[in-house]
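Below: one structure, written as structure tokens.
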Amino acid sequence: MSYDSIFRADLFRGQTHVVTGGGSGIGRCTAHELAALGAHVVLIGRKPEKLEQVSGEIREDGGSVSWHACDIREEERVQATVAQIIAERGPIHGLVNNAGGQYPGPLASINQKGFETVMRTNLVGGFLMAREVFNQSMSQHGGAIVNMLADMWGGMPGMGHSGAARSGMENFTKTAAFEWGYAGVRVNAVAPGWIASSGMDTYQGAFKAVIPTLREHVPLKRIGTESEVSAAIVFLLSPGAAFISGSTLRIDGAASQGSRAWPLHKAHNNHAYNGFHRATLPDVLQPAQPKSEE
């Protein structure tokens, strides 16, 4: 099997695209799709074993890939990693600023270290990657950047540190699009809602128990797929989005719209797109197995 992308197979042939957080989840899926469309994909993440695994998958599927272990929160490491990529591959055509992470907790219980760590991961790291890719490559050659946000339009109760960081990234996206447009650089963002990704299995306790019920709060009455996010990212990187910059595309089944006072009807005629041939359903969303009777 191979990735079943809706885009033409040679869309990014001869190009180099960097995907941060490419060792799992949406980043892994996006890296697979970009490689299936002819790009050489450079994976960036903190854990070499995950990057090696995804690289092996992409090569097995016939794609071109390399990887660099890098903590995007460390400025000098980011500068050196981007310089190494350019030395090996030449100009960087696309950057997917996907890396991020957070943990659930009410604002009153989040300490300074935790708040700052999430801000550095979800905002500062993305800024450093975008700045270095622009300064070292795209300012001369042009390119496209897609940043990762979240459904934070009504605040993010239970994850206020991530909401603050993602809101900051949206504003950064607009500013960078305006400041860097002269160089032929487009900067956009995607804001996924609830997506069936491996990240769901990192949560424990009360938040884990809520995850299987999330679909009931989505007008489309389902959870999104990784490939539905990847397809949006690929579009924003593509020539078809050549006059789109400074925009955020929500991928949330309309969950961020409307009011809780409006009742949601039972769903029908609702079909997911899942082009990722290696996708697996998170454990937390697996159907419950009936208990055996002794």
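For the chain, the longest principal axis of the C-alpha atoms and the axis of helix 75-89 are separated by about 60°.
A simple count of charges around E179, restricted to other residues whose Cβ falls under 14 Å of its Cβ and scoring Lys, Arg +1 and Asp, Glu -1, yields +3. Pop the C-beta distance of A87 and I244 into the FRET formula with R0 = 45 Å and round what comes out to the nearest 0.05. Calculated value: 0.90.
Between the beta carbons of R260 and A80, assuming R0 = 45 Å, the FRET efficiency works out to 0.40 to the nearest 0.05. The stretch between N274 and E216 holds 18.9 nm of extra length on full extension. This uses 0.36 nm per residue minus the Cα-Cα distance.
Axis angle, to the nearest 10 degrees, between helix 25-36 and the longest C-alpha principal axis of the chain: 50 degrees. In terms of other Cβ atoms within 10 Å, S230, S247 run from fewest to most in the order S247, S230. Among S2, S238, S259, the order by Cβ neighbours within 10 angstrom, fewest to most, reads S259, S2, S238.
Hey, how much of the P(r) for the chain falls beyond 27 Å, as a percent of Cα pairs? Of all Cα-Cα pairs in the chain, 39 percent lie more than 27 Å apart. Rounded to the nearest 20, the Cβ-based charge dipole of the chain about its Cα centre (Lys and Arg +1, Asp and Glu -1) stands at 560 debye. With the charge dipole of the chain set up from +1 on Lys and Arg Cβ and -1 on Asp and Glu Cβ about the Cα centre, the Cα lying farthest toward the positive end among the listed residues G193, Q140, L51 is that of G193.
Could you work out how far helix 48-60 tilts from the main Cα principal axis of the chain, as a 0 to 90 degree angle to the nearest 10? The angle comes out near 80 degrees. Taking the stretch 61-79 and a reference point 7 angstrom along Cα→Cβ of A9, the backbone N atoms nearer than 20 Å belong to 61-65.
Any read-out appearing in this document is the output of simple, stated calculations on the displayed coordinates, not a laboratory observation. Everything numeric here is computed off the predicted structure, so don't read it as measured data. So basically every Cβ, Gly included, is an ideal-geometry build from the backbone, and we count neighbours across all protein chains shown.
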